[in-house]
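As structure tokens, the structure follows; a few thoughts come after it.
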Amino acid sequence: MPEPIDPTADPAPLNSIQKSLLTGQVIESLRMVYDPELPVNIYDLGLIYDVQVDDDATAHIQMTLTSPACPVAESLPVDAENAARSTPGIRNAVVQLVWDPPFTIDRIPEHIRLDLGLL
């Protein structure tokens, strides 16, 4: 008879394929978070600099804002963290707000800049 599974035990570390798949799923979750002033999600807007998932299924996200004086500076990183944390398979999420390199509109894909009238 197999050993019963202990629900309090730490799960096995993720392998590189699992981490890669989860990273893609976190990115899709981040695409559900929109900048309140622009009709573009934070990932496609270029506010997300990096997404990594570690062995214990924690998503680590580096993001920036369009400016340090952004009116949603307190809420948008929390929204990103909550979106990542809600991704199935993710156990935790940590968002680090970074200012280097500074955000420029060059981070926005050309087709979105065109839609926004920035070209």
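So which residues in the stretch 84-105 are in a helix (DSSP H, G or I) and within 14 Å of residue 44 (Cβ to Cβ), if there are any at all? Result: 105, single match. Within the stretch 8-23, residues that are under 26 Å from residue 48 (Cβ atoms) and of a type in the set (Val, Ile, Thr) reach partners that are at pLDDT 95 or above and not in a loop (DSSP other than H, G, I, E, B) with beta carbons closer than 8 Å, at six or more positions or on different chains, in the pairs 23/51; 23/52; 23/53; 23/59. Within the stretch 84-100, restricting attention to residues that are out of contact with any strand residue (DSSP E or B) (no Cβ under 8 Å at 6 or more places or on another chain) and not charged (D, E, K, R), the residue that is farthest from residue 12 (Cα to Cα) is 99.
So which of 59, 80 ends up being part of a strand (DSSP E or B), modelled with pLDDT of 90 or more and among the small types (Gly, Ala, Ser)? Unique residue meeting the criteria: 59. What about residue 74, is it without any contact (Cβ under 8 Å) to a residue 60 or more places away in the chain and assigned to a helix (DSSP H, G or I)? Here the answer is no, as residue 74 does not meet what is asked. Taking the criterion of being crowded, with 16+ Cβ neighbours inside 10 Å and of a type in the set (S, T, N, Q), the only residue of the stretch 68-119 that qualifies is 87. Any residue at all in the stretch 76-83 that is among the hydrophobic types (A, V, I, L, M, F, W, C) and in contact with a Cys (Cβ under 9 Å, 6 or more places away or on another chain)? Checking the stretch 76-83: at least one residue is among the hydrophobic types (A, V, I, L, M, F, W, C) and in contact with a Cys (Cβ under 9 Å, 6 or more places away or on another chain). Taking the criterion of being hydrophobic (A, V, I, L, M, F, W, C), under 10 Å from the mean Cα position of the chain (by Cα), outside any loop (DSSP other than H, G, I, E, B) and at pLDDT 95 or above, would at least one residue in the stretch 31-49 satisfy it? Yes, the stretch 31-49 contains at least one residue that is hydrophobic (A, V, I, L, M, F, W, C), under 10 Å from the mean Cα position of the chain (by Cα), outside any loop (DSSP other than H, G, I, E, B) and at pLDDT 95 or above.
If you take the residues of the stretch 56-67 that are buried (at least 18 other Cβ atoms within 10 Å of the Cβ) and of a type in the set (Gly, Ala, Ser), which of them is nearest to residue 99 (Cα to Cα)? Among those residues, the one meeting the criterion is 59.
The values are calculated or read from the model by the stated rules, or taken from the named source; none is laboratory data. Source: prediction; values computed, not measured. Please note: Cβ atoms are built from the backbone with ideal geometry, for glycine as well, and neighbour counts cover all protein chains shown.
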